[in-house]
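Enquirer: Pasting in a structure now, in structure tokens, and then I'll have a few things to ask.
The values are calculated or read from the model by the stated rules, or taken from the named source; none is laboratory data. Keep in mind that what you see is a predicted model, and the values were worked out from it rather than measured. Neighbour counts run over all protein chains shown; Cβ positions are idealised from the backbone, glycine included. Side chains included, ligands, DNA and RNA excluded: accessible areas come from the protein's heavy atoms. Shrake-Rupley method; radii C 1.70, N 1.55, O 1.52, S 1.80 Å.
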Amino acid sequence: MALPPCFKPLPLPSPPGIHLPISRRFSCTCSAVAYPESSSLSSSSVAQRPAVILPGLGNNTGDYEKLALTLQGYGVSTVVASVSRIDWLRNAAGLVDPNYWRGTLQPRPVLDWYLNRVDEAVNEALKQSQGGSLSIIGHSAGGWLARVYMEEFTNANISLLLTLGSPLQPPPKGLPGVIDQTRGLLDYVEKNCKKAVYTPELRYVCIAGRYIQGSRFFGNSNSPTTIPVAIEQSIPEVAIGSDPSTLTPTDATFRTRFVGQGYKQVCGQADVWGDGVVPEVSAHLEGALNISLDGVYHSPVGSDDESRPWYGSPAVVDQWVHHLLN
């Protein structure tokens with residue numbers, strides 16, 4: 001049976017071999033807010049590219065303060081785009097656009113407020129770069145919004161787009177019970193933004209979390225759907241579910257069914273792995289370096305560095321920060 005477009009296996013890019021050890025449990029501990037490099041915290045005297053952090057849907061600038069401080073310890077100065085929780089209510093302007101109801105909504109002008117905040121943060125980071133290049137870290141919706149910004153908003157020298165749990169592919173069409181929550185925004189991104197690449201000039205690194213596997217609301221949840229996912233070759237097999245006896249829940253619970261329904265709205269399938277919000281398969285892009293991290297939760301809100309680490313928890317950052325370092 002042919003798989004819907006977002007389920008197609010993703011070919012691996014061909015960068016030099018990179019090794020990312022995966023742990024099943026990580027133990028660790030405004031305006032556009034700039035976190036300059038600190039000589040007392042920096043692990044290297046070599047100046048690193050500044051990074052711009054783009055908040056995800058519903059998040060605010062302060063949610064990323066700990067991540068910024070963690071990156072500062074690696075010598076990476078950061079600027080977090082200025083976003084408050086109430087700012088996201090601006091998206092309601094899309095409701096008066098007929099394209100919203102047709103499912104053909106475009107990012108602009110509805111999301112110009114966010115893109116303007118990104119532009120302010122990028123300009124601040126450019127001052128720190130002293131003519132060098134920048135990295136962009138997009139969390140959740142910030143990942144695909146970064147693609148829109150890079151396509152339509154800037155000529156800045158961006159050499160890395162690193163996404164953390166971002167829904168990067170539109171949901172499949174025509175499946176019963178699946179409604180495109182973005183109302184066409186991800187379709188627009190897929191059709192109008194440049195394809196992901198992994199080159200010396202520009203690298204896309206897409207990181208997905210495998211925190212919980214969803215289950216179907218009805219039917220046999222013990223027969224999970226197999227969706228091919230291309231990930232970095234150095235990840236141990238156990239991290240991609242090669243041993244169902246240890247990674248597949250034997251009994252569906254209300255929680256796994258609830259999570260599964262969320263996954264289904266994003267990728268069309270409920271019984272897949274993901275970070276609790278975004279399915280693993282949706283957080284990867286063809287042409288990018290795609291990485292999956294076991295045990296990683298979606299959001300800084302509700303996370304715990306010990307029992308529920310998210311992408312920005314120190315022990316998790318340690319798994320991907322080398323992509324930011326010169």
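Enquirer: If GLU65 satisfies all but one of (1) over 19 Å from TYR204 (Cα atoms); (2) touching a Lys or Arg at 6+ places or on another chain (Cβ under 8 Å); (3) at pLDDT 95 or above, what's the number of the condition it fails?
Expert: Checking GLU65 against (1) over 19 Å from TYR204 (Cα atoms); (2) touching a Lys or Arg at 6+ places or on another chain (Cβ under 8 Å); (3) at pLDDT 95 or above, the one that fails is (2).
Enquirer: Return the residues of region 68-86 that are in contact with a Lys or Arg (Cβ under 8 Å, 6 or more places away or on another chain) and either in a helix (DSSP H, G or I) or among the hydroxyl-bearing types (Ser, Thr, Tyr) (or both); say none if nothing qualifies. Walk me through how you get there before you give the answer.
Expert: Let us first name the residues in region 68-86 that are in contact with a Lys or Arg (Cβ under 8 Å, 6 or more places away or on another chain), namely 76, 81-83.
Answer for region 68-86, where residues must be in contact with a Lys or Arg (Cβ under 8 Å, 6 or more places away or on another chain) and either in a helix (DSSP H, G or I) or among the hydroxyl-bearing types (Ser, Thr, Tyr) (or both): just SER82.
Enquirer: Next question. Which ones in region 87-98 are open to solvent by less than 50 Å² (accessible area, probe 1.4 Å), at pLDDT below 80 and either in contact with a strand residue (DSSP E or B) (Cβ under 7 Å, 6 or more places away or on another chain) or assigned to a helix (DSSP H, G or I) (or both)?
Expert: ASN91, GLY94
Enquirer: Name every residue in region 126-148 that is within 24 Å of GLU190 (Cβ to Cβ), in a helix (DSSP H, G or I) and either of a type in the set (Val, Ile, Thr) or out of contact with any strand residue (DSSP E or B) (no Cβ under 8 Å at 6 or more places or on another chain) (or both), in order of residue number.
Expert: Within region 126-148, ALA141, VAL148 meet the criteria.
Enquirer: Going by the structure shown, is SER292 open to solvent by 10 Å² or more (accessible area, probe 1.4 Å), under 30 Å from CYS193 (Cα atoms) and either assigned to a helix (DSSP H, G or I) or touching a helix residue (DSSP H, G or I) at 6+ places or on another chain (Cβ under 9 Å) (or both)?
Expert: Details: open to solvent by 10 Å² or more (accessible area, probe 1.4 Å): no; under 30 Å from CYS193 (Cα atoms): yes; either assigned to a helix (DSSP H, G or I) or touching a helix residue (DSSP H, G or I) at 6+ places or on another chain (Cβ under 9 Å) (or both): yes.
When the stated conditions are applied, SER292 does not pass them.
Enquirer: Among the residues of region 123-152 satisfying the criterion of being over 25 Å from HIS284 (Cβ atoms) and open to solvent by less than 30 Å² (accessible area, probe 1.4 Å), which is modelled with the highest pLDDT?
Expert: Kept after step one, since they are over 25 Å from HIS284 (Cβ atoms), are these residues of region 123-152: 123-132.
Those still in the list that are open to solvent by less than 30 Å² (accessible area, probe 1.4 Å) too: 125, 129, 132.
Numbers: ALA125: 94, SER129: 85, GLY132: 87.
Across region 123-152, the extreme among qualifying residues is ALA125.
Enquirer: Out of region 47-85, which residues are open to solvent by less than 10 Å² (accessible area, probe 1.4 Å), of a type in the set (Ser, Thr, Tyr) and more than 13 Å from ILE137 (Cβ to Cβ)?
Expert: THR61
Enquirer: Among the residues of region 107-122, how many are of a type outside the set (A, V, I, L, M, F, W, C) and at pLDDT 90 or above?
Expert: Of the residues in region 107-122, the ones of a type outside the set (A, V, I, L, M, F, W, C) are 107-109, 112, 114, 116-117, 119-120.
Filter again for at pLDDT 90 or above, leaving 112, 114, 116-117, 119-120.
So the count comes out to 6.
Enquirer: Which of the following residues is at pLDDT below 95, touching a Phe, Trp or Tyr at 6+ places or on another chain (Cβ under 8 Å) and crowded, with 24+ Cβ neighbours inside 10 Å: GLY165, GLY214?
Expert: Testing whether each residue is at pLDDT below 95, touching a Phe, Trp or Tyr at 6+ places or on another chain (Cβ under 8 Å) and crowded, with 24+ Cβ neighbours inside 10 Å leaves just GLY214.
Enquirer: Looking only at region 295-326, which residues are part of a loop (DSSP other than H, G, I, E, B), open to solvent by 10 Å² or more (accessible area, probe 1.4 Å) and not hydrophobic (A, V, I, L, M, F, W, C)? Break it down into steps so the answer makes sense when it comes.
Expert: In the first step, residues of region 295-326 are kept if they are part of a loop (DSSP other than H, G, I, E, B); the result is 295-296, 298-303, 305-307, 309, 311-313, 325-326.
Of the ones still in play, those that are also open to solvent by 10 Å² or more (accessible area, probe 1.4 Å) are 295, 298-303, 305-307, 325-326.
If the condition is that a residue be part of a loop (DSSP other than H, G, I, E, B), open to solvent by 10 Å² or more (accessible area, probe 1.4 Å) and not hydrophobic (A, V, I, L, M, F, W, C), then GLY295, HIS298, SER299, PRO300, GLY302, SER303, ASP305, GLU306, SER307, ASN326 are the ones that fit.
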